[in-house]
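All remarks here apply to the structure that follows.
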Amino acid sequence: MRIANYLMLLAALVLTVSGCSKKQEAGPSSIHGESAKAGAKLAYEHHLRIELQEKDIAPRMASVREACESARFGACNILRIEQSEHDGTLTVRIVPSGVEALSGLASQNGRLAWRETRAEDLADAVNDNAQKRKQLEAYSTQIEQLSQRKDLATNDLIALSHERAQIQVERENLQNVAAQQQRRLDTNLLQLDFSDEAHGHRLGLSLNAWTDELREGIDDALSMLAYGIPFLLLAFPLALGWRWFWRRVTRKSRNSI
């Protein structure tokens, strides 16, 4: 039975070591801009949580803002700025080639506590908008053809004029949507959350951070379970076999006595 216990302890140790190694691998790393491959319609977004000393947060946000507005790392636009006593948030839209440099400036002499990169597939939305524009242009052609008729009454001319105006408004709306979609495809959204490292340590994790840690913990636990199942499947029959063998040997020893 001692051997069986040793085997089970060894399996648990393997699980623990594998879990620790995976946790280390899951730590935040540098942020790189993302561009969709040819034919793909992916809009990328990055979310970083950076811990700095409280006195450095405001100057750092100002530096990042100046770098964005001056296009130091490429075309960049400020979308949102929020700042409070112990933290702040700066959201920008920047070309992929500038993401790494701008995020590096933001986290300089600080700690990149958490990061997330995700992509939204805009293929359906882009195709739907293109189809609407195609249908609108076909309808516009029909209206223009009708307007060329010489037998139109005054009411018909007024109705056609109204339709032309509506078509122009719809055309501009669809063009704006297409431009926004293309902007999302050509650039990356970068959200930088700055927090005071000392204040964060005193107050503990925020609700969002706690949720993130919980999700990461569940992912790690599932990964550990999947990694350790083969070892458990191997250790369990070995333990049973050793238990059967040990009982047989001890039974023979007692009978011989």
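The values are calculated or read from the model by the stated rules, or taken from the named source; none is laboratory data. Computed from a prediction, not measured in an experiment: that's the story for all the values here. In this analysis, Cβ positions are derived from the backbone assuming ideal geometry, glycine residues included, and neighbour counts consider all displayed protein chains. When the accessible area is computed, the model is the full protein with side chains, heavy atoms only, and any ligands, DNA or RNA have been set aside. Shrake-Rupley method; radii C 1.70, N 1.55, O 1.52, S 1.80 Å.
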Sort out which residues of region 76-99 are polar (S, T, N, Q) and modelled with pLDDT under 95, and write them in order of number.
83, 84
Cβ-Cβ below 7 Å, separation at least six or inter-chain, first residue in region 165-189 and outside any helix (DSSP H, G or I) and open to solvent by less than 80 Å² (accessible area, probe 1.4 Å), second modelled with pLDDT under 95 and not hydrophobic (A, V, I, L, M, F, W, C): which pairs?
188/33; 188/34
Residue 54 vs. criteria within 28 Å of residue 213 (Cα to Cα) and in contact with a helix residue (DSSP H, G or I) (Cβ under 7 Å, 6 or more places away or on another chain):
yes
Residue identified as modelled with pLDDT of 95 or more, open to solvent by less than 40 Å² (accessible area, probe 1.4 Å), in a helix (DSSP H, G or I) and not polar (S, T, N, Q) among 60, 65:
60
Unmet criterion (only one of (1) surrounded by 12 or more Cβ atoms within 10 Å (Cβ to Cβ); (2) in contact with an Asp or Glu (Cβ under 9 Å, 6 or more places away or on another chain)) for residue 149:
(1)
Just the residues that are open to solvent by less than 100 Å² (accessible area, probe 1.4 Å), out of contact with any Gly (no Cβ under 9 Å at 6 or more places or on another chain) and modelled with pLDDT under 70, please, taken from region 190-234.
199, 200, 204, 212, 231, 232
Region 91-118, subset open to solvent by 50 Å² or more (accessible area, probe 1.4 Å) and of a type outside the set (S, T, N, Q), residue nearest to residue 73 (Cα to Cα)
100
